[in-house]
1. Could you list the residues of segment 192-214 with an amide nitrogen less than 19 Å from a label point located 7 Å from the Cα of N2 in the Cα-to-C-beta direction?
2. Once the cut-off is 25 Å, how many percent of the Cα-Cα pairs in the chain end up in the long-distance tail?
3. Among L137, L110, L91, whose mean-square fluctuation peaks in a Gaussian network model of the chain (Cα, cutoff 10 Å)?
4. Under the rule of -39500 (n - 2.57) per DSSP H run of 4 or more residues, summed and divided by the residues of the chain, what mean residue ellipticity at 222 nm is obtained, to the nearest 500 deg cm²/dmol?
5. Would you mind calculating the gained length between K198 and L16 on full extension (0.36 nm times residue separation, minus the Cα-Cα distance), in nm to one decimal?
6. For Cα pairs less than 8 Å apart in space and 6+ apart in sequence, what is the mean separation divided by the residue count of segment 175-223, i.e. the relative contact order in percent?
7. With a cut-off of 8 Å between alpha carbons and a minimum separation of six or more residues, what is the relative contact order of the chain in percent?
8. If I model a spin label at A129 and A71 as a point 7 Å from the Cα along the Cα→Cβ vector, what separation in nanometres do I get?
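None of the figures in this text is laboratory data; all of them are computed from the coordinates on show. Not measured: the values here are computed from a predicted model. All Cβ positions, even for glycine, are placed from backbone atoms using ideal geometry, and neighbour counts span all protein chains on display.
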Amino acid sequence: MNYFGDALQAAWTLILHLDDDMLVIIGTSLNISIQSIIYGGIVSIPLGILFAIKTFPGKTLLRHLLNTLMAMPTVMIGLIFYGLLSRRGALGDWGLLYTSEAVILGQTCLIIPLLVNLTLAAVEAANPAMLDALNILGANTRQQIMSIASELRYTLLAAIITAFGRAVGEVGAAMMLGGNIQGATRTMTTAIALETSKGNFELGLALGLVLLFIAFIISLSLHYVSQLK
């Protein structure tokens, strides 16, 4: 009990004194997660709206596929892209393995199914008269997507916040694709695993507390956004 108590006290000291190593890790983690959300949102939100407003063969199968991909372990994403980006892989010439770009790519692909599914569900739960009005006004597909995205902006913002929480807490793909390189690809989750295994429990615990605080902010943000709908 004294061991954990002493470690907790040391962790708070690191946080309060803004330890340089800890700040670098937090900055790297947030930078990678934010970029992943930006790229994932650009792809996922229009796709989710498009899938919701269009009827096509295999739509039910697509939903099952999205649900399956949402449940895919993050280490599986890392394994797939490791095979593609490694020197002998199909994309090995890109030289992306063990770079922040590789981690961003992995996290982006991780959150795309989640964002597409949340967007699709949000559009289907919206007032059906909205789509009827757009059709009556003669809006094309692009105009429909833009109008629906604007109308459901708070719901979609909540989806983005949820996806950010998944990205920032991801460890499997980040470890395999980034190599846990200090100042480049070492995120909070991979640093916790590394520092704890090295016996530096205080830094690992400090980063865990920061992750808990971020989770609290995400929860608070979701509650606030839900009040705006």
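1. 201-202
2. 49
3. In the Gaussian network model the winner is L137.
4. The per-residue figure over the chain is -26000 deg cm²/dmol.
5. 63.2 nm
6. 24
7. Relative contact order of the chain: 32 percent.
8. 3.8
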